[in-house]
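The values are calculated or read from the model by the stated rules, or taken from the named source; none is laboratory data. Treat the numbers as computed from the prediction; the structure is a model and nothing was measured. Note: ideal-geometry Cβ built from the backbone for every residue, glycine included; neighbour counts use all protein chains shown. Note: areas computed on protein heavy atoms with side chains; ligands, DNA, RNA excluded. Shrake-Rupley method; radii C 1.70, N 1.55, O 1.52, S 1.80 Å.
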Amino acid sequence: MTDKKAHLSIDGIDKTIELPIYASTIGPDVIDVTSITKHGFFTFDPGFMSTASCESKITFIDGDEGVLLHRGYPIEQLAVSSDYLETCYLLLNGELPTPAQKEEFTAEVKKHSTVDASVANLVKTFKRESHPMAILCSAVAALAAIYNDEIDITNAESRKITAYRLIGQIPTLSAMVYKHSKGEEFIAPDDNLDYAANFLNMTFGKAGQAPNVSQTIAKAMDRIFILHADHEQNASTSTVRLSGSSGTNPFAAIAAGISTLWGPAHGGANEAVLNMLEEIGSVENIESCVARAKDKTSGFRLMGFGHRVYKNFDPRAKVMKQTCDEVLAELGLENEPLLAIAKRLEQIALEDEYFISKKLYPNVDFYSGIIMKAVGIPTEMFTVIFALGRTVGWYSHWNEMVSGPYKIGRPRQQYTGSPKRDYPTK
Ligand code: ACO
């Protein structure tokens, strides 16, 4: 809090309205507009471009400078020096774990990684060609049915077990969704494997065979998880907060976040990137694709380019690009046709005046899509991997909200419909 105030004068109101300003640690301070309703006004901010919906200590983003901090630590440092479960602990608890805390946390996550048979059976009831995000969303919502009676959202210990269950079971569920689409037997979690390697084994391993996971690919997957772990108050996280603000079951709130993430303007972009590259088909078609993206009447956008918040570069994209180069080199795929199209598109867009002037750079989804394609993950599973990594972020925000005082989220509107009128008499 500060003593700073903003003063708002409105035509027709004699006195100036005084609005308190609260200081942020870094980034813009916020003007508290809650008293405006008393004067007969709402603030109007479609898309929440200028609205801080909550106070949070988890993640900081400076879109102009390309900064992303989790609990103060830069994402580039976490991606290179940390691992996913350590980053999860950091997001959940605010500090990096000691070795003993890390060991305990890892053990708890592993202990809670087995999915109840009823949910495994539910996954099997879907048509094999169903979109994996639809199945994942239903499976996570089904966890609410299993754990509803024992969850007390006002109890910190109960919330902690919910975190273990979510972080433990989301890779198992994601792998089940994949295995089901292939008509293959589910593989049980293996406690001897690290988090990312275990996910890869449950996804690509064969029942009855010993795990055989490449360390480079497991490391790349772990990095993909870290780079997707949290991203402040984006659409899916805001959905989880809004949904959770009614006091609903946290698994149900996370299922709402998964639905939001699915859209092509959000997490579905990595899938859309690969679909676009396949549609382009060959390097010769890139010029016409770029021309179409620049033509507003076409309704077409270059998928994997641009970001609502990052207007200079996406710091996650920098690290992801490096990982992408490493994975392609390890797998000897530098010259694979689809990836050659991606590289050329990236180059053209980075040099084209339209994209430069609008500050449209490749985002994290552009590179993560290419990596996942190289690793052999089917396109429609891409957003599932994003959801897997983001689960800890959603949970951390929900937990932060319900740990303190909060109100049910209830935005207002500018009504522009018909004024009151009477139903016609017969
Ligand atoms: N291709 C072509 N033109 C674009 C693109 C694009 N990918 N993105 C934005 N533009 C243009 C718009 O047409 C608009 O032009 P105008 O100023 O002449 O009207 C201008 O750039 C600004 O676009 P907005 O939609 O206002 O930007 P906003 O910040 O709201 O959108 C978004 C950000 C949704 C990410 C957008 O850039 C987009 O659709 N990108 C493609 C989808 C994508 O990659 N999404 C992933 C986001 S990252 C994530 O979820 C992890």
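A few notes on this one:
- The relative contact order of the chain comes to 20 percent, based on Cα pairs under 8 Å that sit 6 or more residues apart.
- Phi angles across the range 224-232 convert, under the Karplus curve 6.51 cos²θ - 1.76 cosθ + 1.60 with θ = phi - 60°, into 3J(HN,Hα) values of 4, 4, 4, 5, 9, 4, 7, 8, 6 Hz, Gly and Pro given as x.
- 1.4 Å probe accessible area per residue over the range 269-375, in Å²: 47 Å²
- When Rg and the Kirkwood Rh are both derived from Cα coordinates, the Rg/Rh ratio for the range 5-52 amounts to 0.99.
- Three principal axis extents of the range 269-375 based on alpha-carbon atoms, in descending order, are 40, 29, 22 Å.
- Neighbour-limited loop hits for trypsin sites (Lys or Arg not before Pro), the range 105-201 (at most 11 other Cβ within 10 Å; DSSP other than H, G, I, E, B): Lys127, Arg128
- Taking θ as phi - 60° and the Karplus parameters 6.51, -1.76 and 1.60, the scalar couplings of the range 190-198 work out to 10, 5, 7, 9, 5, 3, 5, 5, 4 Hz in sequence order, x denoting glycine and proline.
- Semi-axis lengths, Å, the chain, gyration tensor of Cα atoms, sqrt of 5 times eigenvalues: 36, 29, 23
- Candidate cross-link partners of Lys359 among the aspartates and glutamates, defined by an alpha-carbon separation under 12 Å and a same-chain spacing of 8 or more, comprise Asp64, Asp314, Glu351.
- When each of Lys294/Lys373; Lys110/Lys343; Lys102/Lys358 is checked by Cα-Cα distance, pairs over 31 Å: Lys110/Lys343; Lys102/Lys358
- Calculated accessible area for the range 5-52 comes out at 77 Å² per residue, all protein chains present (probe 1.4 Å; ligands, DNA, RNA ignored).
- Given charges at beta-carbon only (K, R positive; D, E negative), |dipole| of the range 269-375 in Debye: 620 debye
- Here the gap between Ser246 and Asn121, fully extended at 0.36 nm per residue and compared with their Cα-Cα distance, gives a gain of 42.0 nm.
- Kirkwood analysis of the Cα pair distances in the range 142-183 returns a hydrodynamic radius of 11.6 Å.
- Unit charges at the beta carbon, dipole of the chain: most positive-side option, Pro315, His131, Tyr73: His131
- Value of [θ]222 nm, deg cm²/dmol, for the chain, DSSP H segments ≥ 4, -39500 (n - 2.57) each, nearest 500: -16500 deg cm²/dmol
- Pairs of Lys residues in the range 121-207 that lie 8 or more places apart, or on two chains, and have C-alpha atoms under 13 angstrom apart add up to 6.
- Here Lys15 is the anchor, and the lysines within straight C-alpha reach of less than 25 Å, apart from those fewer than 8 places off in the same chain, are Lys4, Lys5, Lys38.
- Modelled FRET efficiency - R0 25 Å, Ala145 with Ala188, Cβ distances, 0.05 increments: 0.70
- Exposed GluC sites (Glu not before Pro) absent: longest stretch of the chain, with sites in DSSP loops and at most 13 other Cβ within 10 Å deemed exposed: 186-333
- Formal net charge of residues neighbouring Lys57 (Cβ-Cβ distance under 15 Å; K, R +1; D, E -1): -3
- Computed in the context of the full set of protein chains, the accessible area of the chain at 1.4 Å probe radius has 52% of its extent on carbon or sulfur.
- For the chain, the residue among Leu166, Phe60, Leu261 whose Cα projects farthest onto the positive side of the dipole built from Cβ charges is Leu261.
- The stretch between Asp295 and Ile161, if pulled fully straight at 0.36 nm per residue, gains 43.2 nm over its current Cα-Cα span.
- Shape of the range 46-97, Cα gyration tensor, a/c cut at 1.5: oblate
- Note on the chain: with charges restricted to the Cβ of Lys and Arg (+1) and Asp and Glu (-1), its dipole about the Cα centre is near 1340 debye.
- Summed residue charge, Cβ within 12 Å of Ile226's Cβ, Lys/Arg positive, Asp/Glu negative: -1
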